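Notes for the one structure printed next.
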């Protein structure tokens, strides 16, 4: 695991979109997520697990929007975990510290 946004709330779902998950740029920065990076999304409400890629959302908005086919995997208000994985050598993996982010109930960073 490279990065994790733990228990963020889905704020939007846009079925008629090319695809992806749009995430508030503040959350992306805190979790060390990169635009177009592949992520796994785990829905705590219904058990769905799926993969997509990240698009930058408006900074400070708290946005977590599922786009395209991913919009069928969750409803607005569902709580999800967004995880990114990275490739590294075994030596690097033994000392790597992932970026773990635990936002508040409104997808805002907690100091």
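Where a number appears in this text, it was derived from the coordinates with a stated rule and is not lab data. This is a predicted model, so every value here is computed, not measured. Please note: Cβ atoms are built from the backbone with ideal geometry, for glycine as well, and neighbour counts cover all protein chains shown.
For the stretch 28-111, which strands (runs of 3 or more DSSP E) that fit wholly inside it have 3 or more residues that are more than 15 Å from residue 12 (Cα to Cα)?
Numbers: elements: 38-43, 49-57, 64-67, 79-84, 99-101.
Passing ranges, in order: 38-43, 49-57, 79-84, 99-101.
Restricting attention to the stretch 1-12, which residues are outside any loop (DSSP other than H, G, I, E, B) and surrounded by fewer than 20 Cβ atoms within 10 Å (Cβ to Cβ)? First the steps, then the outcome.
Here is the first cut: in the stretch 1-12, the ones outside any loop (DSSP other than H, G, I, E, B) are 3-9, 12.
Scanning the stretch 1-12 gives 6, 7, 9, 12.
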